[in-house]
Amino acid sequence: MNSHASRDKFTGTAVRTAVAFAYRDIIGIDVADLTLDEALTFVNARIENAVHTKISFLNAHNANVAKTDAGFRAALEKFTLFPDGVGVDIAAKLLQGRKFKANLNGTDFIPALLQSAKKPVKVGLYGAAPDVVIKTAEAFSKLNPENDVRVLGHGFINEIEQTTMLAEMERWHPDVLLVALGVPKQELWIADHLTQKHCSLAFGIGALFDFAAGNVPRAPQWVRAIRLEWAYRLINEPVRLARRYLLGNPLFLTRVIAYKFASKSASSGSQNV
Ligand code: UDP
């Protein structure tokens, strides 16, 4: 564990010992460094101990959003962040000399979690278009028929409907709540509305439901293996994603390089004192 471990957001001492892990500093944002097995052990311990834990996935895009949106940046402080995609891996290599132990993007991690639980789990879905969230519930039920998967709300319900949904969460208390409202809306919503009484794990998972429902095609395995899933998504949704990837990726790398030099000059400055 490095010195960042003392700044973790753990609350339960029982689960604190389940997995010890370090955080890596990606342009000022702490990101958990875990293998897939370690990450699954960590989240399953949280479920078993019913400890409310907010989890999201840091990629180049939302790191950029965090740099310009103070509200989003503040909300992320409440989350344990997993590394998502090639951008944060390049950043880790540039900043700390090595990549993350694993790419824990939500699109792969959530299905792995739903299949890994030792006991059946209650899975609540909130977000995306009405037909998409229903299809996702069907797909996730097939993934592990023992789990109790329920649609709690589609992504365009109003505030009154959200209040009703929150009361339903308090009654049912899902082990895993998946919130798919896009970035930064989902993290802001989770940070503002969810506490221990609503659920154990609360994930902000972006476009996962669109993939799970089959509405947006996932890149073939070989494209993912060469770390070009972002390019595949760009070809499929050029209008929506051009800005995010073609401008956002170089911007993120520029920020990483600037952060590296700023940290270097700060540490050489302090050595001179
Ligand atoms: N979405 C939603 N409510 C909203 C905005 C977005 O449910 O008010 C859903 C959208 O339908 C999609 C998901 O959020 O299923 C992710 O959106 P997007 O692809 O923009 O997210 P990102 O890729 O930025 O995480």
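Only the coordinates and a few stated rules stand behind these numbers; no lab work does. Note that the coordinates shown come from a computational prediction; the quantities given were computed from them, not determined experimentally. Quick reminder, even Gly has a Cβ in these numbers, built from the backbone with ideal geometry, and neighbours come from all protein chains shown.
Structure summary
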| read-out | value |
| --- | --- |
| Length gained when the stretch Val216-Ala112 is fully extended (0.36 nm per residue, less Cα-Cα span) | 35.5 nm |
| Highest-MSF residue in the chain out of Pro111, Pro220, Pro184 [GNM, Cα springs under 10 Å] | Pro220 |
| Contour excess over end-to-end distance, with Cα ends at Ser263 and Ile235 and 0.36 nm allotted per residue | 6.5 nm |
| Residue exposure sequence - Glu146, Glu38, Glu187 - by fewest surrounding Cβ within 10 Å | Glu146, Glu38, Glu187 |
| Partners for Lys122 among lysines (Cα-Cα distance below 28 Å; same-chain residues under 8 apart left out) | Lys9, Lys54, Lys78, Lys135, Lys142, Lys185, Lys197 |
| Residue order, fewest to most surrounding Cβ atoms within 10 angstrom, among Glu229, Glu161 | Glu161, Glu229 |
| Inter-label distance, nm, simple model (7 Å from Cα along the C-beta direction), Leu253/Leu228 | 1.5 |
| Built amide H within the under 5 Å cut-off of Lys122, gap 5+ | Asp148, Asp175, Val176 |
| Cα→Cβ-extended label distance, 7 Å offset, between Thr195 and Thr35, nm | 3.8 |
